[in-house]
1. Quickly rank 85-96, 277-288 as a protection proxy: mean count of other C-beta atoms within 10 Å, highest first.
2. Counting helices only, and only those DSSP H runs with n ≥ 4, report the 222 nm mean residue ellipticity of the chain as the sum of -39,500 (n - 2.57) divided by its residues, in deg cm²/dmol to the nearest 500.
3. If I take R0 = 25 Å and measure r between the Cβ atoms of Cys226 and Gln15 in this structure, what FRET efficiency does the formula 1/(1 + (r/R0)^6) give, to the nearest 0.05?
4. Filter the trypsin sites (Lys or Arg not before Pro) in segment 36-78 to those in DSSP coil with at most 13 other Cβ atoms within 10 Å of their Cβ, and list the result.
5. Can you report the principal axis dimensions of segment 178-273 using only the alpha carbons, biggest first, rounded to whole angstrom?
6. For Thr220, what is the net charge nearby, where nearby means another residue's Cβ is under 11 Å from its Cβ and Lys, Arg count +1, Asp, Glu -1?
7. Lone cysteines in the chain, defined as no other cysteine's Cβ under 4.7 Å from theirs: which are they?
8. Taking 2.2 N^0.38 Å as the expected size of a compact globular protein, what ratio does the Cα radius of gyration of segment 61-109 give against it, to two decimals?
Amino acid sequence: MAGGVGSRFWPMSTQKYPKQFQDILGTGHTMIQQTYNRISKIVLPENIYVITSKEYIALTEQQLPHLDPENIVGEPMMKNTAACNMYMAKKIADKNPNANIIVLPADHLILNETVFLQKIELALNLAATKNFLITLGIKPTRPETGYGYIQFVESKNKEYFKVKTFTEKPDLEFARTFLESGDFLWNAGIFIWNVQSILSAFEEYLSEMSQHFQSCDYNTKEEEGCIDAIYPKVAKISIDNGILEKAKNVYVIPADIGWSDLGTWTSVYENAVKDAGKNASKSRHLLTYNAKGNIINLKNKNKAVIIDGLKDYIIVDTDKALLICPRANDQLIKEYVQDLKTLKKGDSFL
């Protein structure tokens with residue numbers, strides 16, 4: 001899945017050039033390239049699909065030149081994650097009605113790839129033999145309001161657990177309660193299921209959406225026109241809210257994979273190299289005075305930067321915009337972006 005805009009990551013992530021197509025941590029590869037390289041170790045290239053906005057098809061082809069352009073699928077508009085999962089399940093089922101599907105966001109950091117691939121193999125084996133909808137769960141380290149939370153039922157089998165509750169992005173008070181309880185995991189947004197299992201779930205929990213997608217002939221010349229016609233009619237809802245919170249056959253595999261969704265500047269700060277003052281910066285010409293715990297990101301690496309007296313701040317400078325705000329407010333960046341639209345020519349900065 002590579003269709004989001006990443007507005008919490010503004011001003012680096014923009015409408016024209018969202019974060020999945022950027023090298024956020026300076027690894028030499030963009031996020032979508034890292035995701036492709038990671039999964040191609042166990043999945044053949046002809047079985048890898050990217051679903052993104054039509055606006056980003058050319059960018060995807062440019063960054064993944066080894067992927068067949070037929071495997072890059074464009075959505076006509078953003079409808080959250082339920083619609084794109086329904087679309088791809090129907091398209092894949094048309095080619096292989098017994099396929100097992102791995103759903104991967106294109107913009108996640110996974111440091112322990114060996115464990116990740118082991119957990120994916122376990123999930124694939126379960127999906128092939130049981131009617132399970134499987135998600136990977138991450139042990140929480142802080143009361144994060146930007147992630148979904150999974151409460152699981154303890155069992156003798158320690159490799160996977162039945163999901164008891166599925167809560168999408170709670171408020172801070174609930175997030176603290178979940179963290180203290182010890183029986184909640186973060187939802188990594190990485191899903192594994194058999195195509196028939198997920199199609200059955202759509203029929204049961206999002207039946208209207210399922211009916212819309214039934215009307216198309218997939219992998220034909222008529223597919224694009226049909227999708228363009230039905231997309232305005234389908235609900236804008238996440239797969240989490242639409243199915244996983246309701247389904248009774250959801251299972252979680254705890255996975256210590258060095259995961260971050262890199263969805264906020266704080267998550268980037270936590271995964272970045274820091275200097276003696278705990279500042280994270282890729283600037284070549286930086287001087288700090290009584291400045292600690294800041295993330296400093298400048299598009300122009302040849303610009304000199306002097307920071308005096310700031311602690312725990314986000315400083316991001318691009319060609320068109322400058323952001324300075326406390327790291328504690330990084331969840332508000334989405335709101336800043338909405339407010340920016342009210343300014344004259346505000347959209348030009350997005």
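1. On the way: 85-96: 19.2, 277-288: 16.0.
Answer by packing, highest mean first, reads 85-96, 277-288.
2. On the way: 10 runs with 101 residues, N = 350.
-8500 deg cm²/dmol, from helical runs alone.
3. Numbers: r = 26 Å, r/R0 = 1.06.
Efficiency, from the Cβ-Cβ distance: 0.40.
4. Answer by residue number: Lys41.
5. Cα spread of segment 178-273 along its principal axes, largest to smallest: 49, 33, 21 Å.
6. On the way: positive: Lys91, Lys221; negative: Asp94, Asp217, Glu222, Glu223, Glu224.
Summing Lys and Arg as +1 and Asp and Glu as -1 gives -3.
7. Cys84, Cys325
8. Numbers: Rg = 12.2 Å, N = 49, 2.2 N^0.38 = 9.7 Å.
Rg over 2.2 N^0.38 Å, computed on Cα atoms: 1.26.
Just so you know, all these numbers are worked out from the coordinates, no wet-lab data involved. Everything numeric here is computed off the predicted structure, so don't read it as measured data. Cβ: placed from backbone, ideal geometry, glycine included. Neighbour counts: every protein chain shown.
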